[in-house]
Structure formats: structure tokens, C-alpha cells
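Worksheet: the structure to be examined is printed underneath.
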Amino acid sequence: MFAPYALSLDVNFWELVKSSDPVTLAVMGILGLASLLSWTIILGKLFSFSRARSSNRKFLRAFRKAPRLDAVAAASEQYRDAPLVGVFDFGYSEAARQMAAGKITNQVALERTLQLGVSEEITRLERNMNWLATCAAVCPFIGLFGTVLGIIDAFQQLGLSGSTSMRAVGPGIARALVATAMGLAAAIPAAIFYNYFGSAIREIAARMEDFCLEFLNLTERNNE
């Protein structure tokens, strides 16, 4: 019978990192920076989206209670974090120009201006989303690149040492696999929150489209 073979590696994560070759360390550094930047964007967007939703609700309540556009314009200063306020500003500026002549005369121009406001707010909400998409797509491959180089180095060291024991190559492979783990650690949160924020942006965009209809209804009432 063959005696069971046990391989025990008592090496912590930081020891693996410190003992890695320069190329693998560079890969880990890139992945660490990518992860840090991704989490900075994620936390910032979580905070800004939370404020945007809260301000949207408050502004919409004020808008629906207001009898005229000028009253809404005065109240909107309290809710500058609301994307709906950005859309309102576009529409109100066009409505004010037309009403300077007495009444709304070009409804199509007003609708186009509101759509420009929606587009502007969506662009603002999507800022830095491309970084999360890039990180989610590229980081696993960067980690795999570091792992491949690390494994090549580990087997080169095995050949130079002339040993066939897994104890000789095990730490080197473990160091190499850290790069893959870091690549996945950077990519998975980026992918999750990219999809989450994409859904949130679509939801807010739908609210802005609905708001455009409410804005047009109010201008028609004010135009009578």
C-alpha cells in the first residue's frame, strides 16, 4: 500500500505576496489599484443614487402640489440632487422663453428640450460606469496573466532545484494563484454593481420620462 501523502503549507497571504516575483507583484499592484478605484466608484454611486431617489420623491411631491411653473422653480432649489430637477430646469427655461410672448406656442420644441434634459441627466448618472464594465471584463484576465507567469517561474525554479517534491513547487504555485484570486476579487463586485447601477439608471430614466408628461400637462394648464 502507498502511504498517504500530506502537503502542508503554513504561509499566509502577505508572505505569498512579498515572496512573489516582480512581474507577479506588478500584476497584483494593478489589480489592487483597480479594486480600490472600483470600490471608490461603487460607494460614491451608492450614496449619490440614494440621494437622487430621495430628492426625486420630495421634488415630485412639491411639483404635483404646485399650481404654476414659477412656484415649482422656486421650490426646486431645495432638491438639486434630484435628476428630475435637471429635467425641469431644461423644460422651464424653454417654457419661460415661449411664455415671454404670452403663451406656449411651440409644444414640439418644449418636448425636445425636455428630452435633452433627460439625456443630460442619464449621461451624468452613467459617469464612471464604463470603468466598472472594464474592470469586470479585464481584471480576471490580468489575474490569469499573473498566474501563468507565476507558474512558469515556479516550474523553472523546480527545474533548477532538481527536486520532484510538491513541497518545492507548491509555494510558487500558491503565490501565482493569488493573482487569479485578486483578479476575481476585483471583477466580481464590479460586475455585480455595474448591473445593479444599470438597473437603477433605467428606473430613474423611466421616472424622468413620466415626469416629462407631467411637466407638459402643467404647462398646458398654465397656458389656458
How large is the dipole of segment 99-142 about the Cα centre if only Lys and Arg carry +1 and Asp and Glu carry -1, each at its Cβ, rounded to the nearest 20 debye? 100 debye
Using θ = phi - 60° and the Karplus curve 6.51 cos²θ - 1.76 cosθ + 1.60, what whole-Hz ³J(HN,Hα) does each residue of segment 65-76 get, with Gly and Pro shown as x? 7, 6, x, 9, 5, 5, 5, 5, 4, 5, 6, 5
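Sort the following peptides by mean Cβ neighbour count (other Cβ atoms within 10 Å, averaged over residues), highest first: 208-216, 102-110. Please report the intermediate quantities before stating the final value.
On the way: 208-216: 17.8, 102-110: 12.9.
In descending order of packing, they fall as 208-216, 102-110.
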Once you place label points 7 Å from the Cα toward the Cβ at R61 and L46, how far apart are they in nm? 2.6 nm
What ³J(HN,Hα) values, in whole Hz, does the Karplus curve 6.51 cos²θ - 1.76 cosθ + 1.60 give for segment 28-39 when θ = phi - 60°, with x put for Gly and Pro? 4, x, 4, 5, x, 5, 4, 5, 4, 5, 4, 5
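Can you check what the Kirkwood hydrodynamic radius comes to for segment 61-106, Cα pairs only, in Å to one decimal?
On the way: mean 1/r = 0.0898 Å⁻¹.
For segment 61-106, the Kirkwood estimate is 11.1 Å.
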Per-residue HN-Hα couplings for segment 90-106, Karplus 6.51 cos²θ - 1.76 cosθ + 1.60 at θ = phi - 60°, whole Hz, x for Gly and Pro? 4, x, 5, 5, 5, 5, 5, 5, 6, 6, 4, 8, x, 6, 5, 10, 10
Residue separation between R127 and N106 times 0.36 nm, minus their alpha-carbon distance, gives in nm 4.3 nm
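Read-outs: derived from the displayed coordinates by stated rules, not from any lab. Please read all numbers here as calculations on a predicted model, not as lab measurements. Using ideal geometry, Cβ is built from the backbone for each residue, glycine included, and neighbour counts are taken over all protein chains shown.
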